Every structure is written in structure tokens, then in C-alpha cells.
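Colleague: Next up is a structure, given as C-alpha cells.
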Amino acid sequence: LYVYTGEYSKGIHLVNEIEKGIRLYKGKIQNHEIITFYFGIAYLYFGTGDYSLSLAWLNKIINDPSLKDSRADVYGFSQILNLIVHFELGNTDLLEYIVKSTYRFLYKRNRLYKVENCILDFIRNKLPKTNTADERGKIFSDFKNELTKIMKDPFEKEALEYFDIVSWLESKISGKSFAEIVR
């Protein structure tokens, strides 16, 4: 609920309790439920702007091979969010490698959404070519418009139910926080 309403700070207060529950019921909770919890926690931290903790939770997903097959959709968007977190952290040197790795995973899944391909192209080819805040604002705006057109397709819109990239782009364009835009 806190993820979808943009009340990320309220959700952060539940993380310790969720972690205790996962440890307590480890043998009874299936991997598809664990990956969903981990992604939700990563998203909460992303929403508060704590990209380091968001990355830590995403790494729990990405680095656990047992989670890859449990929810390929969530796993795939964990990789997409991972790219965005690395961008936010300024880890531009890693982005090229992570984009290639993410593309390989998504391509092997035999269901590469246009939205996913568009995001990868944006991060790989368009974002690195900007040098000023004005240039970035323009490409963020152009990318938002492109995604809005693609999302008219219900199949493509489904891909964005895991991460509200349009709100993230709007936050970059407007200078407001991601949480403000989602709310």
C-alpha cells in the first residue's frame, strides 16, 4: 500500500518487522513471496531516496539464483530498477555492463517488452550523451513522451506495474522528489 501511495517513509518503518517474519517463516515462505517482499523493500528505499539501501535489497534478489526462476517478471524489473539506482548513485561506469547483463536476461526470457527495450536504449545510448542539466531535462521529457505512447498498449502497460518509471521521469523533469510525484 505504501509503495503505491508514495508513502515510502511509512513503509520503511515496517522493514524490520518484515525481515523478522521472513527469517521466522523461512521454510514456510516460498521464493516467489520472498522476491516480492525484497522488491517491495527495495522500492520503499528507492522512494525515500536511500539508493544505497535500495541497491542492497536489489542485490539480494539479483545475486540469489534461486529467486531468478520464481518470479521472472519481478526479477526482470529488479534488474531495471537496479540500472536506475546505479544511475541515481552516479555509478555511470557500471551502467554499460549492467545494461548488457540486463538485456541478456530479458532477451533470454523470450518476452522483451518494448518498454524494457526502450528503457535499456535510453540508459545505454541517450543518457550518456548528455552533459548539461538542460540536455538531461530534454531527454527525460522526450523519453517520458515516448513511454506514454508505448503504454497505450495494454500488454506494454503491464510491464510498468512493477516500477512507475513515468513518475520517476517526471521527478527528474520537475525537480520534485519521486515520492511527491507518486503522491
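The values are calculated or read from the model by the stated rules, or taken from the named source; none is laboratory data. Because the structure is predicted, anything quoted here is derived from the model rather than measured. Neighbour counts are summed over all protein chains in view; Cβ atoms, including those assigned to glycine, are modelled from backbone coordinates with ideal geometry. Keep in mind that these areas ignore ligands, DNA and RNA; they rest on the heavy atoms of the full protein, side chains included. Shrake-Rupley method; radii C 1.70, N 1.55, O 1.52, S 1.80 Å.
Colleague: Got a sec? Which helices (runs of 4 or more DSSP H) wholly within segment 67-135 have at least 3 residues that are under 17 Å from Ala159 (Cα atoms) and at pLDDT 90 or above?
Modeller: Passing ranges, in order: 72-89.
Colleague: Which one of these does Lys144 not meet: (1) in contact with an Asp or Glu (Cβ under 8 Å, 6 or more places away or on another chain); (2) part of a loop (DSSP other than H, G, I, E, B)?
Modeller: (2)
Colleague: Okay, moving on. Residues of segment 9-30 being more than 18 Å from Leu44 (Cα to Cα), out of contact with any Ser or Thr (no Cβ under 9 Å at 6 or more places or on another chain) and assigned to a loop (DSSP other than H, G, I, E, B), which ones?
Modeller: The answer is Tyr25, Lys26, Gly27, Lys28, Ile29.
Colleague: Please list, ordered by first then second residue, the pairs with beta carbon atoms under 6 Å, 6 or more apart or interchain, first in segment 44-56 and free of Cβ contacts under 8 Å to residues at least 40 places away in the same chain, second among the small types (Gly, Ala, Ser).
Modeller: Tyr45/Ser54; Ser54/Ala42
Colleague: Sticking with this structure for a sec: Looking at (1) open to solvent by less than 50 Å² (accessible area, probe 1.4 Å); (2) under 16 Å from the mean Cα position of the chain (by Cα), which is the one condition that is false for Leu53?
Modeller: (1)
Colleague: Condition first: surrounded by 13 or more Cβ atoms within 10 Å (Cβ to Cβ) and polar (S, T, N, Q). Now tell me which residues in segment 135-147 satisfy that.
Modeller: The answer is Ser141, and nothing else.
Colleague: Anything in segment 39-50 that is open to solvent by 50 Å² or more (accessible area, probe 1.4 Å) and either part of a helix (DSSP H, G or I) or more than 30 Å from Leu94 (Cα to Cα) (or both)? List them, or say none. Steps first, answer last, please.
Modeller: Narrowing segment 39-50 to residues open to solvent by 50 Å² or more (accessible area, probe 1.4 Å): 48, 50.
Scanning segment 39-50 gives a single hit, Thr48.
Colleague: Counting only residues that are polar (S, T, N, Q) and in a helix (DSSP H, G or I), which one in segment 148-183 is surrounded by the most Cβ atoms within 10 Å (Cβ to Cβ)?
Modeller: Of the residues in segment 148-183, the ones polar (S, T, N, Q) are 148, 167, 171, 174, 177.
From the residues that got through so far, the ones that are in a helix (DSSP H, G or I) too are 148, 167, 171, 174.
Details: Thr148: 11, Ser167: 20, Ser171: 18, Ser174: 12.
If we take residues in segment 148-183 being polar (S, T, N, Q) and in a helix (DSSP H, G or I), then Ser167 is surrounded by the most Cβ atoms within 10 Å (Cβ to Cβ).
Colleague: With aliphatic (A, V, I, L, M) and either in contact with a Phe, Trp or Tyr (Cβ under 6 Å, 6 or more places away or on another chain) or closer than 26 Å to Thr36 by Cα (or both) as the only criterion, which of Leu169, Leu127 stands out?
Modeller: That would be Leu169, the only listed residue that is aliphatic (A, V, I, L, M) and either in contact with a Phe, Trp or Tyr (Cβ under 6 Å, 6 or more places away or on another chain) or closer than 26 Å to Thr36 by Cα (or both).
Colleague: Taking only pairs six or more apart or across chains, which ones have beta-carbon atoms under 6 Å, a first residue in segment 68-95 that is among the basic types (Lys, Arg), and a second residue that is at pLDDT 90 or above?
Modeller: Cβ pairs passing all conditions: Arg71/Ile35.
Colleague: I'm checking my understanding of the structure. Among residues of segment 1-38 that are open to solvent by less than 100 Å² (accessible area, probe 1.4 Å) and of a type in the set (D, E, K, R), which one is farthest from Asn59 (Cα to Cα)?
Modeller: Glu7
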